[in-house]
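Data block below; observations after.
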Amino acid sequence: MSTAIDQQVETFQNQFKAVRDEVSKMIVGYGEIIDGVIMSLLAHGHVLLEGVPGLGKTKLVSTLSDVMHLKFSRIQFTPDLMPADITGTNVVQEGTAGSKVLQFQPGPIFANIVLADEVNRATPKTQSALLEAMEETTVTVGKKTYKLDTPFFVLATQNPLEMEGTYPLPEAQLDRFFMKLKVDYPTVESLHTIMNRTTRLEEPKVDRIADKEQILEMRKTVRAVPIARPVQDYAIRIMLGTHPRPPHANATTMRYVRYGASPRGAQALVVGGKIRALLNNRVHVSCEDIRSVAFGALRHRVLLNFEGEAERIDTDTILKSILESTPEPS
Amino acid sequence: MRYVRLTSKTRIGRALNSMSDKEIIIRSLEKVERRIRLNRLLRELTFGLSIFLLVPVLFKTWDLFRPFRGITVIVVIGLWLIGVIGYFAWRISQKSTLAYAAAAIDHRATLRDEIKSAYWFLSNPTGVHRSSDWVELQVRRAARKASDLNIEKLYPRSVPPTIWAVVGLVVLFVGLNFSPLSEDHNWAYLEAAPAFSLTPEEQKLLNQTKELLKQAEKLDQPQLIQQLEQIIQDLEQGKIDTAEALKQLEDLKNLLDEGNLDMANVHEGLDEMAKDVEGSETKEVSEAMSEHDLQKTAEELRKLAEQLNSEDPAGMQAIKDALQQASENSNPSMQKLANDMKQAAQSLSDKDSKAAQDALNQAAKDVQDLQQTMQEQQAKNSASQQIQNLQDQLRQRQQQQQGQGQQQGEPQMGAQQQGQDGKKGQQQDKAGGDPANGQQGGANSEGGEGGKEGQPGQAGQQAQSGGAAGGQNPSGSSHAPMDIMGAPTKLNVKLEQEKLSGVNDGGSPQDLEEASKQERSKLDYRNVQSELSPAQKDVLNQDKIPWEYKALIKNYFQAIRQPRGKE
């Protein structure tokens, strides 16, 4: 049996590596972002990408869908976007006998990978149309609920600069995202590579590496990884450390944080840790795995208070202090 | 049969193969836990000991400058030992868990919580991952890692640096004990400072006293030296305090004074007897007696006994008369000699020259015995005087210590107050002759022996308020100021009650009781302890000019006497 598990782990690693390498053919210099996106996909979560325009966020998602041979749809969020534009709506159709019937026309959310581009430009009402889909993998239109195809993966982007006319994502919406990844400018070397690849006659092409079934199998593998109680306790303590309440809160948290992460934050830590463990050829989760995913999993779940906002405190700073003040189990 | 020599690695490998994954992990963790505990104990105990050892080192250093008594050392060292043992017991009782060992080995070997997770899965087999193949695989991998761990390398037996501090402190402590400082007392040899140590001067006094007491041993008081040594020993060992030592010394001195020979009386008797035998035949004897030279007197008496055979009747009659006159001496101290004289005179009356010679020889022998007794009495007096001096020294130290205690207890007493007190003291010193100021006034101004009596008394209190400027030491030396302090003298006079007949308000007779108007004290005067030496008592009680100074004083008054013609 252990040989089978070893084989399963090895397969997981190989497939993960293959997807990453294939995406890296198109996306240069964002190894961690690519890993985070794939991890979120395998963790049955969603990703919020934050970065200025032109950094390849959309390209990343489309490439990922190509590599995994998943149905991809893109929704450009604008202030006049309506929920029905996302979920779909019932339209009057003429039947074969000439009768009029209401027929549901699925929206772009009916895909495996949905790119919600500049998600913060839509109104909260429209943004909330994603809530059910992201958590329940279903869409309810009228009195009927439609099941979304699995895997269902939402990858939202937002621009941190042009904040005028935007609607910051509500807490409930943010909490649905497994990770929030910050897309920064690539390095000079990466830029050279990007120039070389994108300014020539032939553009790089990606091959199909994985399919839907393989991804679902990889998801099962992730969930099978055991985690010991002390390590899980460490993850929970980190999550509780984001709350400005004793006994787990440190001075930074008490000063700058209004609300901390929900249990979904701890779930993200544990599942992310499991994926990291598998990637490191381990069948157990370590505290180091928990720490490595802590920033991506918790940074969007920590809500600053007025003082934190006024002093422009980065949530990563708070998370760093929490990680430093939370002792490993002994 | 073929024997295969197994290497230790092979044996360990086979032993590991025979063990389950759980046993491998648990055994490794137990080994790690033992090593961690050992290193922790070494580290903590040496660190704690290095801190604890500061106490005896500092205590011993303090002891070098101000030696502690044995009981103090025992108490402090005892408390210190209790603290050390308690700390050791506390630290040794702190046992770490295997979970802690697992976390520690994970951290040390960079195993990323593998052993810790495996141990948790083994310890909690009923969790959500029960009978999970993944858990089994994880445990198997952890067991493999645990068997490959080199515990000796990961947790070597380390000697903590604090051990050198401990060694240094121990060496320092031993060195302090064996340091050549004079005030040092080696605790390793169970030595400690005595409760009371004599100063060199006091030790010298003590030795002189013992020498004198040895000289006076023939006075049938051989136990005095032992008693004196016992008093000093008890004082040094803290069995008695200074006050008790002073009291015992006083008792010893009183014991020494028992049966004292009245030297003045002897001298007076010799003078009287010298006058009685002033005749021409016994002139030499008279001169020797008047000179109080008893050895010469004995020799002259023997010569006189030898001359009896060659004397003419007139000379014999003169000798007999002289001896008869001398035999009538009523001085108690001369009774034995007077009896010998009487016996000789009687023999001469009986014309028994031989008996007379024997009587005179016996008289010579008695004179020699008297001389011996007088010498021993002088030694006793000197010893008593030395004991008195020793008492004075001890009392002075006691008063100084009390003064220091009072000064420490009343630090707020300002210089201004002291200055006022000093003025008072000077005024009282000036009024030293005033009887109202008590004996000490005179003692302070004159520096005589009488000052001793006033030290602990009321006058001592006056001297205290008068400051050091007004006080002198008992020797009377004006160059050595003495802080005389102490409680004022209280006369423990309890007047006798006497019954009186009276009449109450109703007119009926009533017996009343009030203090006697004659002011008779219930306290017997004989019970009042005197601090005077026998020699001092002799001088004071006789109230006469010492015989040694008679001639000098006579010459003095003759020299200053106005000539008769000018009167």
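The values are calculated or read from the model by the stated rules, or taken from the named source; none is laboratory data. Values in this document were obtained by computation on a predicted structure and should not be read as measured data. Every residue, glycine as well, gets a Cβ built from its backbone with ideal geometry; the counts of neighbours run over all protein chains shown.
Within region B:101-120, at least one residue is modelled with pLDDT of 90 or more, among the aromatic types (F, W, Y) and under 30 Å from A:Q232 (Cβ atoms).
Can you pull out the residues in region B:339-358 that are small (G, A, S) and either closer than 16 Å to B:E299 by Cβ or surrounded by 24 or more Cβ atoms within 10 Å (Cβ to Cβ) (or both)? Give the derivation first.
First pass over region B:339-358, keeping only residues small (G, A, S): B:344-345, B:347, B:349, B:353, B:355-356.
Across region B:339-358, the qualifying residues are B:A344, B:A356.
Residue count for region A:219-232, restricted to those that are facing chain B (nearest Cβ under 10 Å) and either out of contact with any helix residue (DSSP H, G or I) (no Cβ under 9 Å at 6 or more places or on another chain) or not polar (S, T, N, Q) (or both): 8.
Looking only at region A:126-142, residues that are surrounded by 13 or more Cβ atoms within 10 Å (Cβ to Cβ), modelled with pLDDT under 90 and small (G, A, S) come to 2 in all.
Taken over region A:269-290, the criterion of being part of a helix (DSSP H, G or I) and within 11 Å of chain B (Cβ to nearest Cβ) is satisfied by A:G273, A:K274, A:R276, A:A277, A:L278, A:C287, A:E288, A:D289, A:I290.
Against the condition in contact (Cβ under 8 Å) with a residue 40 or more places away in the chain and either assigned to a strand (DSSP E or B) or farther than 23 Å from A:G56 by Cα (or both), how does A:A84 come out, does it pass? So that I can check it myself, show each step before the final result.
On the way: in contact (Cβ under 8 Å) with a residue 40 or more places away in the chain: yes; either assigned to a strand (DSSP E or B) or farther than 23 Å from A:G56 by Cα (or both): yes.
Spelling it out, A:A84 is indeed in contact (Cβ under 8 Å) with a residue 40 or more places away in the chain and either assigned to a strand (DSSP E or B) or farther than 23 Å from A:G56 by Cα (or both).
Note on region A:150-181: residues that are touching a helix residue (DSSP H, G or I) at 6+ places or on another chain (Cβ under 8 Å) and of a type in the set (D, E, K, R) amount to 3. Has region B:101-109 got at least one residue that is more than 9 Å from chain A (Cβ to nearest Cβ) and either under 23 Å from A:R223 (Cβ atoms) or surrounded by fewer than 13 Cβ atoms within 10 Å (Cβ to Cβ) (or both)? No, region B:101-109 has no match at all.
Restrict the check to region A:130-142 and report whether at least one residue is over 20 Å from A:G272 (Cβ atoms), in contact with a Pro (Cβ under 7 Å, 6 or more places away or on another chain) and of a type in the set (D, E, K, R).
Narrowing region A:130-142 to residues over 20 Å from A:G272 (Cβ atoms): A:130-133, A:136, A:138-142.
Next, only the ones that are in contact with a Pro (Cβ under 7 Å, 6 or more places away or on another chain) stay: none.
No, region A:130-142 contains no residue that is over 20 Å from A:G272 (Cβ atoms), in contact with a Pro (Cβ under 7 Å, 6 or more places away or on another chain) and of a type in the set (D, E, K, R).
Mind checking which helices (runs of 4 or more DSSP H) fall wholly inside region A:169-263 and carry at least 3 residues that are touching a Gly at 6+ places or on another chain (Cβ under 9 Å)? Please lay out each step first, then the result.
Details: elements: A:171-176, A:188-198, A:212-224, A:229-241, A:251-256.
Once the helices (runs of 4 or more DSSP H) in region A:169-263 are filtered for at least 3 residues that are touching a Gly at 6+ places or on another chain (Cβ under 9 Å), what remains is A:188-198, A:229-241, A:251-256.
In the condition set (1) out of contact with any strand residue (DSSP E or B) (no Cβ under 7 Å at 6 or more places or on another chain); (2) more than 28 Å from A:V9 (Cβ to Cβ), A:M218 is compliant with all but (2).
Residue-by-condition table, conditions (1) in contact with a helix residue (DSSP H, G or I) (Cβ under 6 Å, 6 or more places away or on another chain); (2) within 27 Å of A:K17 (Cβ to Cβ):
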position: A:R276; (1), (2): yes, yes
position: A:N281; (1), (2): no, yes
position: A:V285; (1), (2): yes, yes
position: A:D289; (1), (2): yes, yes
position: A:R301; (1), (2): yes, no
position: A:E311; (1), (2): no, no
position: A:I318; (1), (2): yes, no
position: A:S321; (1), (2): yes, no
position: A:P329; (1), (2): yes, no
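The residues listed here are A:A122, A:A116, A:A43; of these, the one that is of a type in the set (G, A, S) and more than 18 Å from the chain's Cα centre (by Cα) is A:A122.
Please indicate, with yes or no, whether at least one residue in region A:190-202 is touching a Pro at 6+ places or on another chain (Cβ under 9 Å), of a type in the set (K, R) and over 27 Å from A:A277 (Cα atoms). Walk me through it before giving the result.
Let us first name the residues in region A:190-202 that are touching a Pro at 6+ places or on another chain (Cβ under 9 Å), namely A:193-194, A:197-198.
Still in the list and also of a type in the set (K, R): A:197.
Still in the list and also over 27 Å from A:A277 (Cα atoms): A:197.
So far as region A:190-202 goes, yes, one or more of its residues are touching a Pro at 6+ places or on another chain (Cβ under 9 Å), of a type in the set (K, R) and over 27 Å from A:A277 (Cα atoms).
If only residues of region B:206-224 that are at pLDDT 75 or above and surrounded by 18 or more Cβ atoms within 10 Å (Cβ to Cβ) are counted, the one that is farthest from B:A379 (Cα to Cα) is B:L206. Of all residues in region B:112-123, one or more are surrounded by 18 or more Cβ atoms within 10 Å (Cβ to Cβ), of a type outside the set (S, T, Y), in a loop (DSSP other than H, G, I, E, B) and within 14 Å of chain A (Cβ to nearest Cβ).
Of the conditions (1) of a type in the set (K, R); (2) closer than 30 Å to A:T221 by Cβ; (3) more than 9 Å from every other protein chain (Cβ to nearest Cβ), B:R35 clears all except one; give me its number. Failed condition: (2). What about B:P67, is it crowded, with 16+ Cβ neighbours inside 10 Å, more than 8 Å from chain A (Cβ to nearest Cβ), out of contact with any Lys or Arg (no Cβ under 8 Å at 6 or more places or on another chain) and not in a helix (DSSP H, G or I)? Taking the combined requirement at face value, the residue satisfies it. Answer yes if at least one residue in region A:56-63 is out of contact with any strand residue (DSSP E or B) (no Cβ under 8 Å at 6 or more places or on another chain), among the small types (G, A, S) and more than 14 Å from every other protein chain (Cβ to nearest Cβ), and no otherwise. Looking through region A:56-63, at least one residue is out of contact with any strand residue (DSSP E or B) (no Cβ under 8 Å at 6 or more places or on another chain), among the small types (G, A, S) and more than 14 Å from every other protein chain (Cβ to nearest Cβ).
Which one is surrounded by the most Cβ atoms within 10 Å (Cβ to Cβ) among residues in region A:306-330 that are within 14 Å of another protein chain (Cβ to nearest Cβ) and over 27 Å from the mean Cα position of the chain (by Cα)? I'd like the intermediate steps shown before the answer.
To start, the set of residues in region A:306-330 that are within 14 Å of another protein chain (Cβ to nearest Cβ) comprises A:327-330.
Retained after the next criterion (residues that are over 27 Å from the mean Cα position of the chain (by Cα)): A:327, A:329-330.
Working: A:P327: 9, A:P329: 20, A:S330: 15.
It comes out as A:P329.
Per the listing A:A268, A:A249, A:A277, the residue uniquely hydrophobic (A, V, I, L, M, F, W, C) and within 15 Å of the chain's Cα centre (by Cα) is A:A268.
Looking at B:E152, B:E136 in this structure, which one is more than 60 Å from the chain's Cα centre (by Cα), in a helix (DSSP H, G or I) and surrounded by fewer than 12 Cβ atoms within 10 Å (Cβ to Cβ)?
On the way: B:E136 fails: surrounded by fewer than 12 Cβ atoms within 10 Å (Cβ to Cβ).
On inspection, the qualifying residue turns out to be B:E152.
Screening the candidates B:K380, B:K354, B:K365 for the property of being free of Cβ contacts under 8 Å to residues at least 40 places away in the same chain and assigned to a helix (DSSP H, G or I) yields one hit, B:K354. Note on region A:233-249: residues that are surrounded by fewer than 19 Cβ atoms within 10 Å (Cβ to Cβ) and within 12 Å of another protein chain (Cβ to nearest Cβ) amount to 1. Among the residues of region A:43-74, those that are assigned to a strand (DSSP E or B), touching a helix residue (DSSP H, G or I) at 6+ places or on another chain (Cβ under 6 Å) and aliphatic (A, V, I, L, M) comprise A:V47, A:L49. Per the listing A:T78, A:T11, the residue uniquely more than 14 Å from every other protein chain (Cβ to nearest Cβ), among the hydroxyl-bearing types (S, T, Y), assigned to a loop (DSSP other than H, G, I, E, B) and surrounded by fewer than 16 Cβ atoms within 10 Å (Cβ to Cβ) is A:T78.
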